[in-house]
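Below is one structure; the comments refer to it alone.
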C-alpha cells in the first residue's frame, strides 16, 4: 500500500512566492538548480547531482530578462516548458518554481550590483550588464528559496565564479560546480544549440576539437599571447565564425595565464548570429 501511495506522489509546481513559501516550509538540506529552461543532458546532470546529495530538489525555470544585453537575444531564447516539465517529472524532481518577473523582482534593491574592475573580463567585457543581471537574479532566488546547495555547470565558468563568490559571502548556501557535459564529438551542450542547423553544429564540433588540439600544442610554449592572437584569426578564416575572445586564464581566479597548467582556454564565438561559449 505504501509503495502504491509513494508512486502517485506528484512533483509540486509552484507558480508564485506564496506557493513557494508553503511548499518549502520545514524542508531541510534542499538542493537548488536554477535554469532558464530548454533542458538538455547538462541540466539533467545538475539535477541528478542534487538528488544524489540533497533530501529534496527544486528546479527553477525563469528566462531572466535582466541578464540579456540584447532584447532580440532574449526574445529568441529557446523555450519549451511542456517538454521541460515532462523531463522533470520523469526525474522525480520534488519542486518546480515557475515565477514570472513580478514574483522574482517583487522588491527594489537598496543598492545596485556592480562588478569590480578585475571582473570586467571575458563575457563581462562584451555583454554589458549581463553578469549584474545574473548576480541580481541569483541573489533574489537564493533569498526566496534558501537552499543548502546550488548546482551550477562549469561551461559558464565565469558565471559560476562570480555567483559563487557573491552568494557564499552573503548566504549559508554553497554553490556546487558541476562538470561540463559534452556530446560524443566533444561539443558542449547548450540550450542555444537548438538554434543551430545540423551543418552549424558540425562546424561547432570541428572548431572545438581544433581548440582541444591547439591547447595541447600550447604546453611549454613561451609566446602564448602571440599564438592566441594568431589562432583567433585562424579560427575566423578556417571555420567562417566570428571569435569574440580566445584567452588562457587560471581557472581558479580567472587571471590571465602564460602557462597551461591550472589554466583553461576561454572562447566566445558566433556561428551565424548564435553566440556560444566554452572553456577547455
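Looking at this structure, is residue 59 at pLDDT 95 or above, touching a helix residue (DSSP H, G or I) at 6+ places or on another chain (Cβ under 8 Å), surrounded by 13 or more Cβ atoms within 10 Å (Cβ to Cβ) and closer than 17 Å to residue 147 by Cβ? Judged against the criteria, residue 59 is a match. Considered as a group, the residues in segment 21-48 that are part of a helix (DSSP H, G or I) and surrounded by fewer than 20 Cβ atoms within 10 Å (Cβ to Cβ) include one that is farthest from the chain's Cα centre (by Cα), and that residue is 22. Of the helices (runs of 4 or more DSSP H) that lie entirely inside segment 139-251, those containing 1 or more residues that are surrounded by fewer than 18 Cβ atoms within 10 Å (Cβ to Cβ) and outside the structural domain of residue 269 (by TED's automatic domain parsing) span 157-170. When 52, 72 are checked against the criterion of being at pLDDT 95 or above and assigned to a helix (DSSP H, G or I), a single residue qualifies: 52. Every test in (1) out of contact with any helix residue (DSSP H, G or I) (no Cβ under 6 Å at 6 or more places or on another chain); (2) surrounded by fewer than 17 Cβ atoms within 10 Å (Cβ to Cβ); (3) in a loop (DSSP other than H, G, I, E, B) is passed by residue 82 save one, and that test is (3).
Pairing residues of segment 104-121 that are under 25 Å from residue 21 (Cβ atoms) with residues that are at pLDDT 95 or above and assigned to a loop (DSSP other than H, G, I, E, B), at Cβ distances under 7 Å and at least 6 apart in sequence or on separate chains, gives 104/62.
The values are calculated or read from the model by the stated rules, or taken from the named source; none is laboratory data. Predicted model only: the values in this text are computed from it and were never measured. As a convention, Cβ positions derive from the backbone with ideal geometry for all residues, glycine included, and neighbour counts pool all protein chains shown.
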